[in-house]
Number of protein chains: 4
Amino acid sequence: MPKPQAVISVICAIALSTALAAQPKPRARDLGVPFDGVPGPNNAITDVKGVEVGHTTLISGDGSLKVGVGPVRTGVTAVLPRGKNSTDAVFAAWFTLNGNGEMTGTTWVEDSGFLDGPVMITNTHSVGVVRDAVIGWKVRNGHPDMEGYWWSLPVVAETWDGYLNDINGFHVKPEDAIHALDSAHSGPVEEGSVGGGTGMICNQFKGGIGTSSRVLDAKDGGYTVGVLVQCNYGSRDELRVAGVPVGREIPEHKAYEQDQDTGSIIVVVATDAPLIPTQLKRVARRVSLGLGRDGSYSGDGSGDIFIAFSTANGGAVAAKGAHPINVLTNDALDPIFLATVRATEEAVINAMVAAGTMTGINNHKVIGLPHDKLREVLKEYNRLAK
Amino acid sequence: MPKPQAVISVICAIALSTALAAQPKPRARDLGVPFDGVPGPNNAITDVKGVEVGHTTLISGDGSLKVGVGPVRTGVTAVLPRGKNSTDAVFAAWFTLNGNGEMTGTTWVEDSGFLDGPVMITNTHSVGVVRDAVIGWKVRNGHPDMEGYWWSLPVVAETWDGYLNDINGFHVKPEDAIHALDSAHSGPVEEGSVGGGTGMICNQFKGGIGTSSRVLDAKDGGYTVGVLVQCNYGSRDELRVAGVPVGREIPEHKAYEQDQDTGSIIVVVATDAPLIPTQLKRVARRVSLGLGRDGSYSGDGSGDIFIAFSTANGGAVAAKGAHPINVLTNDALDPIFLATVRATEEAVINAMVAAGTMTGINNHKVIGLPHDKLREVLKEYNRLAK
Amino acid sequence: MPKPQAVISVICAIALSTALAAQPKPRARDLGVPFDGVPGPNNAITDVKGVEVGHTTLISGDGSLKVGVGPVRTGVTAVLPRGKNSTDAVFAAWFTLNGNGEMTGTTWVEDSGFLDGPVMITNTHSVGVVRDAVIGWKVRNGHPDMEGYWWSLPVVAETWDGYLNDINGFHVKPEDAIHALDSAHSGPVEEGSVGGGTGMICNQFKGGIGTSSRVLDAKDGGYTVGVLVQCNYGSRDELRVAGVPVGREIPEHKAYEQDQDTGSIIVVVATDAPLIPTQLKRVARRVSLGLGRDGSYSGDGSGDIFIAFSTANGGAVAAKGAHPINVLTNDALDPIFLATVRATEEAVINAMVAAGTMTGINNHKVIGLPHDKLREVLKEYNRLAK
Amino acid sequence: MPKPQAVISVICAIALSTALAAQPKPRARDLGVPFDGVPGPNNAITDVKGVEVGHTTLISGDGSLKVGVGPVRTGVTAVLPRGKNSTDAVFAAWFTLNGNGEMTGTTWVEDSGFLDGPVMITNTHSVGVVRDAVIGWKVRNGHPDMEGYWWSLPVVAETWDGYLNDINGFHVKPEDAIHALDSAHSGPVEEGSVGGGTGMICNQFKGGIGTSSRVLDAKDGGYTVGVLVQCNYGSRDELRVAGVPVGREIPEHKAYEQDQDTGSIIVVVATDAPLIPTQLKRVARRVSLGLGRDGSYSGDGSGDIFIAFSTANGGAVAAKGAHPINVLTNDALDPIFLATVRATEEAVINAMVAAGTMTGINNHKVIGLPHDKLREVLKEYNRLAK
């Protein structure tokens, strides 16, 4: 049974979501940030059919509390490639730009070419609890079976939220992971200080979850590419928004005294294009180029780990012997590569735009990217779209 | 506070250890298996100065019990490169021969070149609990500090014991991980059905933990190479002992009906030779050749993951700016490569020799490698050393 | 126009081939070496339908000649996945066990997942001339086209024959590469001191080209796996034949004073099983286990580089957009892995069995593995098959 | 003896160099492109002490000539980490962003951790001739020795110049490679349509060789990071200069009808910071982020291959046994990472700024980036530095 605190947090999260739904927050495009390419209907990873996203957001206590008790500013995000009711795997591959982070389950993704279950994202010190909880969730849902002959190697990633969250209090519980899974849904995705992104910091502004998507031209196959980031990396000075040196123009109120590229970023790329793992690894590697556009130099302290999957070829993992699959020719990859770069570039900015100012442990305060100031700077550089 | 069952398990483990110490079991060499090269005083990974090993062995219930309750045939093994009282890191690298397994923490080992903490080995479904427990143990020992500004990415590996153990009962608890850490010691290492290896199966015989070491000639630097395996892989038919087709000569009582190379093997290689990560990755890759000598073909279902570290260059991770370290020239690596191959070859056989017959969940029974029969076969092939 | 020397060499090679065909040499199996599994009709890589192999063998001058003039003990071997008349690519992947060697073209094999052309093998200092010659050969055969809009990244590998061959005399010429390509054929493959393997040394015996194959059971899909090696690695002491310490039992006449694992081995694995690149990389990695069975420890000076390809899915590289291919389920890979290990193990022994004693530069003499002595040793260890 | 054509080409190249020296071309900074960080005295890879660069530029024939005869628009560039008179190796590592290209010698760079010789860059179809020529050059300079006991695995990379150059005419000869080596020098580096970059195209403008450097603050160690690119990649639409969408603002006169990211980019990163290979691999990976800033999405047809080396720790490859080297702590890498990103970003723009309009095979014409228009666009976006 969940502990009272967690229940409250969950209720709180649901309440917050409802509130957010009632009053939609502007996204980067709404503020006039110019991005290239055509997004899907939700401009979200869920534009790739079948993909569901769920968050558990844990916020409690004020900034004066003590280590081990709180304050709590953390959570769990679940990305389910085929939704929570499917046990079918997807072709997948991963890539590390800088390895100061964790993504469990990747040795088997690498060798099998499959992602068999959700991608979970949480804080650095809660990867274990989330990992084992995913196995428990699978067992309860009949996969692996009760005889225990199957095994599971869940994919769980993290970024570090200890500047705002009592990370050594280990506040994420198994039921929080399961709630993220069970509440996953298609459609619009909550962004900013939600789920695993609750306590994150990005370019010294408040960061968190961001998402974006691109739909390819019909002549390029009409595929969709969706990206979701848990954004916790970056120095203020290097931040570029649509190429504009926004970070340097808004130097105030940096989270840390030193303007290092600390933190990390986890990126999930989904597509319905029929790609095999060799190709998906190349897609995952393109995430670096999107981060490059935003100014990242991927500091030593950053865990910049990316995973890409294709929802095409359902049933491939369960097929017996030699069986047919669909594959896109390498010659047709360029629009997918470009869509990945663009959606990554935008998802990071979306995360910052959505996340408001937050105060956490030791009364640390991290400001949200100020919307008006962002528009001013873009205008100054003749890059305001509207 | 630990739960009663776990306390009993720990007590049980201690009692078992004591019993084992009182009545030393023969090892492969004692049975006349011929191996090349000169082992260290304990023929164990602990022959590398500073390395400590601890086990928590969890055995309870008989074969008739139900999923979720037991029987319990599992545990945790901890390998501490510089002992449990050091917070100093070691240069390290890892390699995957087949990726159907888990070793957390490896993206940062890969990029930093350091292993900062213990290597833990447990069952597949308990990696998470052990991982987070290691962080808790570090926090309590002042690393990372109480402000939470440091983070930790523990290295935890696994093999699957669900044929004997109620793996979906999640019987490993945080205190079991901590006991393995706190009880780690230098000197002789318990082998067979202990620690993480408690419920493992190797070449369809009972498997588990095995270890071995080699000491290089003075002209080659006099370095020590130590290997520890958690051995859970292999088909009976392919098993070779000192090149002799032992598996095919002892076809009786296979654990599974099908003689597949299922299971996995985790291998830890330690050395005091001053190697940098580039070189340690090459050492880790040589583990494959040792397994090749034992007949492995590394089946699709196997998680064959290896990590190698060097205890030389203490203080390197904490040094500031440019600082001196010692490095062995590449030209001098051959004896270390050969020692790695030989110690791996022997550690696997040691694991099987040490592990006796065990009955577990659903009354599954796995026989220990019969010592007399092993000697007979070796003699038949003119390979019995004594 | 070819230079006279090269023409003579080519004629010489053809004459040698004819002589060899007239008087078939015994292979390892013929001598009673026991190997597991069922080979194809030629026990050669050409048992995989479509695969063709061609050699150019360059032998001239006696041991007294000078650097830059001769003696010449070298050549080129070509492996054509779909034969010399096809321009269709194959799915492929590669793996390096130890990197002290060269295989050009591998970055594109890695990323594209295709091998688009032959695998060429020659000596270390002739990789360049062979590489560019392959492009010339493709241009002349209309691929890439005369507009030059296509490019080519040939795969050319090497091992070092400078102990017998005047390697710094650069005796391999473009026409030698082209002859190897144009003379490629299906059916039996010449082994020993031929083609790229002409001047090679293996376990301090004369080495060179070796090959072997396995045919899977119908229940496992009935696929064929073929292996070809250019074998130039290994220490005498570590050599095992069918698990028997043959090297230590025949310590006489080592090529070098020091018994190091110098040299290198290039291994090509072919199969008609419908594998995608992710799977072929796993196949390539299994070559290590076959070498492990033969006693390799992959010394620092060794270039142990392997490439694996699948002849299934013809036309995949040229297909447009999304197109169907066949893929084998991962669950069915084990017999292919095992076949790869076994065929590798045998191909190396075949290379040594086929290669007779040779004298080269500076009157260096390298003895062939003595057949009678090999049989004696196998018998002593109760491992002689007939 | 060099053939007359090559001699003329070399003379021509020298004449061109002289002309260029007499009338210095503006670089990107001179045109007012704003870049961050402090460059070294030459803003070139040669700012890293010891590094020398040499070019052989081959230009002959007009656009009307035929395949196999010309026109010739190609060459060779040599980067010598410790200059042409040193046989000492440097620590090195490499990384592939997209593998549709060649860099020979990298398997041994990867495993040894050393680059033992120059980095050569030429056209795609001349990699072989340059590779073997480097061995010949080493032999003549006493490395490897005349007994042939050493071997050499040269590093040679390429990009494709077949749109302007008669690439299938194989116009690069051994003496062209040797001239690039022998004429290498410290100090200013020629940029644009020189050396291996002679016939290259970048973002559909004329491309070629570019270079840049950064000097770190004294508090960060005062190290220098230098970058040299052979730039042949990119789509016009995606080109950003200092974040400004310059490519879209200058849509005229694209080289190809389709605005794909074809071509490739080879990047060499040099530093005097004492980095070991693990760290240098991380540096090489950061090149991606610099290309990201310039708008690259690394198309399927691109060979984006990077190598990084450190000139510190002279003598390390030749040292015997365990020996001391200097290493920078990982905590101090961030300024080096950032310098790599910035110098890469600038080197690409420098290549385009330096390369003027060129006409080549089939009268293909590629325009140089128009300087005035570049300044106009930067001004329009409020990014003109002066």
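The values are calculated or read from the model by the stated rules, or taken from the named source; none is laboratory data. Everything numeric here is computed off the predicted structure, so don't read it as measured data. Cβ coordinates were reconstructed from backbone atoms using ideal geometry, including for glycine residues, and neighbour counts include every protein chain displayed. Protein only, heavy atoms only, side chains kept; ligands, DNA and RNA dropped before computing areas. Shrake-Rupley method; radii C 1.70, N 1.55, O 1.52, S 1.80 Å.
Are any of the residues in the stretch B:261-271 facing chain C (nearest Cβ under 10 Å) and at pLDDT below 95?
yes
Which of the following residues is more than 7 Å from every other protein chain (Cβ to nearest Cβ), at negative phi and charged (D, E, K, R): A:ASP111, A:ASP116?
So the residue among A:ASP111, A:ASP116 that is more than 7 Å from every other protein chain (Cβ to nearest Cβ), at negative phi and charged (D, E, K, R) is A:ASP116.
Sort through D:GLY63, D:GLY70 and tell me the only one that's open to solvent by less than 60 Å² (accessible area, probe 1.4 Å), on the phi > 0 side of the Ramachandran plot, at pLDDT 65 or above and of a type in the set (Gly, Ala, Ser). I'd like the intermediate steps shown before the answer.
Working: D:GLY63 fails: on the phi > 0 side of the Ramachandran plot.
Going through D:GLY63, D:GLY70 in turn, the sole match is D:GLY70.
Condition first: surrounded by 21 or more Cβ atoms within 10 Å (Cβ to Cβ) and within 14 Å of chain B (Cβ to nearest Cβ). Now tell me which residues in the stretch C:347-380 satisfy that. Let's see the steps before the verdict.
Here is the first cut: in the stretch C:347-380, the ones surrounded by 21 or more Cβ atoms within 10 Å (Cβ to Cβ) are C:347-355, C:358, C:360-361, C:366, C:369, C:374, C:378.
Within the stretch C:347-380, C:VAL348, C:ILE349, C:LEU378 qualify.
Can A:GLU257 be described as surrounded by fewer than 24 Cβ atoms within 10 Å (Cβ to Cβ), within 14 Å of chain D (Cβ to nearest Cβ) and of a type in the set (D, E, K, R)?
So A:GLU257 fails the test.
For the stretch B:283-300, which positions are of a type in the set (D, E, K, R), facing chain C (nearest Cβ under 7 Å) and buried (at least 24 other Cβ atoms within 10 Å of the Cβ)?
B:ARG285, B:ARG286, B:ARG293
Can you go through D:VAL189, D:VAL229, D:VAL156, D:VAL225 and tell me which one is under 20 Å from D:GLY290 (Cα atoms) and within 13 Å of the chain's Cα centre (by Cα)?
Of the residues listed, the single one that is under 20 Å from D:GLY290 (Cα atoms) and within 13 Å of the chain's Cα centre (by Cα) is D:VAL229.
Residues of the stretch C:172-204 being touching a strand residue (DSSP E or B) at 6+ places or on another chain (Cβ under 7 Å) and of a type in the set (A, V, I, L, M, F, W, C), which ones?
C:VAL172, C:ALA177, C:ALA180, C:LEU181, C:ALA184, C:VAL189, C:VAL194, C:MET200, C:ILE201, C:CYS202
Pick from B:THR329, B:THR278: which is farther than 26 Å from C:VAL244 by Cβ, within 14 Å of chain C (Cβ to nearest Cβ) and without any contact (Cβ under 8 Å) to a residue 24 or more places away in the chain?
From the options B:THR329, B:THR278, the qualifying one is B:THR329.
Inspect the stretch B:76-89 for any residue being touching a residue at least 60 places away in the same chain (Cβ under 8 Å), surrounded by 24 or more Cβ atoms within 10 Å (Cβ to Cβ), under 24 Å from D:ARG282 (Cβ atoms) and within 11 Å of chain A (Cβ to nearest Cβ) and give the result as yes or no.
Checking the stretch B:76-89: not a single residue is touching a residue at least 60 places away in the same chain (Cβ under 8 Å), surrounded by 24 or more Cβ atoms within 10 Å (Cβ to Cβ), under 24 Å from D:ARG282 (Cβ atoms) and within 11 Å of chain A (Cβ to nearest Cβ).
Taking only pairs six or more apart or across chains, which ones have beta-carbon atoms under 7 Å, a first residue in the stretch C:211-228 that is under 14 Å from C:PHE309 (Cα atoms) and away from chain A (no Cβ under 11 Å), and a second residue that is at pLDDT below 95 and open to solvent by less than 10 Å² (accessible area, probe 1.4 Å)?
none
If we scan the stretch D:185-207, do we find a residue that is open to solvent by less than 20 Å² (accessible area, probe 1.4 Å) and either within 8 Å of another protein chain (Cβ to nearest Cβ) or of a type in the set (Asp, Glu) (or both)?
Within the stretch D:185-207 (the criterion being open to solvent by less than 20 Å² (accessible area, probe 1.4 Å) and either within 8 Å of another protein chain (Cβ to nearest Cβ) or of a type in the set (Asp, Glu) (or both)), the answer is yes, since at least one residue qualifies.
Can you pull out every residue in the stretch A:212-256 that is over 30 Å from C:ALA322 (Cβ atoms) and in a strand (DSSP E or B)?
Matches in the stretch A:212-256: A:GLN230, A:CYS231, A:ASN232, A:TYR233, A:VAL241, A:VAL244.
Would you tally the residues in the stretch C:1-39 being part of a loop (DSSP other than H, G, I, E, B), modelled with pLDDT of 55 or more and either touching a Lys or Arg at 6+ places or on another chain (Cβ under 7 Å) or among the β-branched types (Val, Ile, Thr) (or both)?
Summing the residues that are part of a loop (DSSP other than H, G, I, E, B), modelled with pLDDT of 55 or more and either touching a Lys or Arg at 6+ places or on another chain (Cβ under 7 Å) or among the β-branched types (Val, Ile, Thr) (or both) in the stretch C:1-39 gives 8.
Kindly indicate the residue of the stretch D:137-167 that is at pLDDT 90 or above and at the interface with another protein chain (Cβ under 7 Å from one of its Cβ atoms) and also surrounded by the fewest Cβ atoms within 10 Å (Cβ to Cβ) among those meeting that condition.
Checking each candidate, the answer is D:GLY162.
Of the residues B:GLY315, B:GLY321, only one is in contact with a His (Cβ under 9 Å, 6 or more places away or on another chain) and open to solvent by 10 Å² or more (accessible area, probe 1.4 Å); which?
Among B:GLY315, B:GLY321, only B:GLY315 is in contact with a His (Cβ under 9 Å, 6 or more places away or on another chain) and open to solvent by 10 Å² or more (accessible area, probe 1.4 Å).
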